[in-house]
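The values are calculated or read from the model by the stated rules, or taken from the named source; none is laboratory data. Here the structure is a predicted model, which is why all the values come from computation and not from measurement. Ideal geometry is used to build each Cβ from the backbone, glycine not excepted, and the neighbour counts take in all protein chains shown. Note: accessible area is taken over every heavy atom of the protein model, side chains too, but ligands, DNA and RNA are not part of it. Shrake-Rupley method; radii C 1.70, N 1.55, O 1.52, S 1.80 Å.
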Amino acid sequence: MAPNTFSLATKVKLNSGHMMPQLQLGLYMMSGREVISAVPHALDLGYRGLDCAQMYRNEREAGRAVSSWLGSHPDSGTTRGDIFYTSKLASNSESYDAVRKSIRESVKAVGGKGYIDLFLLHSPYGGPAARRESWRAVEDAISDGEVRSGGVSNFGVRHIEELMASNPRIPPAVNQIEVHPFNTQVAIREACARHGIVVEAYAPLARAMRMRHPAVVELSRKYRCTVAQLLVRWSLQHGLVPLPKSTKKARMAENVDVNGFEISDEDMAAMDDLDEGLVTDWDPTDAP
């Protein structure tokens, strides 16, 4: 049986009705200069999903890089509408006006047609009231056309259930969390599935902290792929939206070259069993 194929054109449907690329480029920890270089490389390769955030301090460069690439490729047939751009709120606030202003600043930084495809609350920090007001601001940004879809990031099970119990006017479409075989986040993924929320996997390569782990090295040899390709394929076969990060064009291409093999159910289970709760950066999922 031929393996299920995934490409940079593969998309998932959000509960907002919008389609989102299932393979995207993460812009975390890239300097403005790196973004100016990396984004055109990614677009050249066919990436159409870019994951940014206010905290990354490179939104303006990302927007500039997209606009510049589109302007220099008028015959490509690609428009701003073909590029799925994500940003995230730096910090929740009980001040609705402050959050709305912050969203508008991100929209302005993107430039182009003046909208963001997906805007997320970056973390649950700030407490229930701040989360509630911040989400209300996202809902209104969607209603006003500034944002196409809304979601959250680093929300744990309790935060997801709290938000859904508030009977939101617009439910979150995405929860972006750290997910890889060394931190499988099963409980959060199951909570998201109950509510029709797509899970985006940041740090899908575990920030290279387990590239020499004997189990994944052995499996990469078995499937004749790189460890990075194995980890990305694991995410895709779990229905996740992985966000591998690289500033190098060759590595960007390699990370998404994940066809020609399919991880067996047995090996998927073996990879799931590697879970050690590895946190590569931060973990706000248990915030009060």
Check off (1) open to solvent by less than 20 Å² (accessible area, probe 1.4 Å); (2) part of a loop (DSSP other than H, G, I, E, B) for Val66 and give me the number that stays unchecked.
-> (2)
Filter pass, Met29 being out of contact with any Cys (no Cβ under 7 Å at 6 or more places or on another chain), at pLDDT below 95 and open to solvent by 30 Å² or more (accessible area, probe 1.4 Å) | yes
Could you grab me the full set of residues in region 241-275 that are over 22 Å from the mean Cα position of the chain (by Cα) and part of a loop (DSSP other than H, G, I, E, B)?
-> Gly260, Phe261, Glu262, Ile263, Ser264, Asp273, Leu274
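So that you can scan it fast, the table gives a plain yes or no per residue for (1) over 15 Å from the mean Cα position of the chain (by Cα); (2) open to solvent by less than 40 Å² (accessible area, probe 1.4 Å):
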| residue | (1), (2) |
| --- | --- |
| Ala90 | yes, no |
| Val99 | yes, yes |
| Ser102 | yes, yes |
| Gly111 | yes, yes |
| Leu118 | no, yes |
| His122 | no, yes |
| Arg131 | yes, yes |
Filter result (open to solvent by less than 30 Å² (accessible area, probe 1.4 Å) and part of a helix (DSSP H, G or I)) within region 178-195 | Ile188, Ala191, Cys192
Could you tell me whether region 101-122 includes any residue that is in a loop (DSSP other than H, G, I, E, B) and over 20 Å from Arg148 (Cβ atoms)?
-> no
Considering residues that are closer than 13 Å to Glu262 by Cα, within 25 Å of the chain's Cα centre (by Cα) and hydroxyl-bearing (Ser, Thr, Tyr), the number found within region 211-226 is 1
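In the list Lys101, Lys108, which residue meets the criterion of being at pLDDT below 95 and basic (Lys, Arg)?
Numbers: Lys101 fails: at pLDDT below 95.
Within the list Lys101, Lys108, the selection yields Lys108.
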If you check Ser106 against the conditions, is it within 23 Å of Tyr202 (Cα to Cα), crowded, with 16+ Cβ neighbours inside 10 Å, among the polar types (S, T, N, Q) and out of contact with any helix residue (DSSP H, G or I) (no Cβ under 8 Å at 6 or more places or on another chain)?
-> no
Looking at this structure, is Leu43 out of contact with any His (no Cβ under 6 Å at 6 or more places or on another chain), in contact (Cβ under 8 Å) with a residue 12 or more places away in the chain, open to solvent by less than 10 Å² (accessible area, probe 1.4 Å) and in a strand (DSSP E or B)?
-> no
Quick one: in region 200-227, which of the residues that are of a type in the set (A, V, I, L, M) and touching a strand residue (DSSP E or B) at 6+ places or on another chain (Cβ under 6 Å) is surrounded by the fewest Cβ atoms within 10 Å (Cβ to Cβ)?
-> Ala206
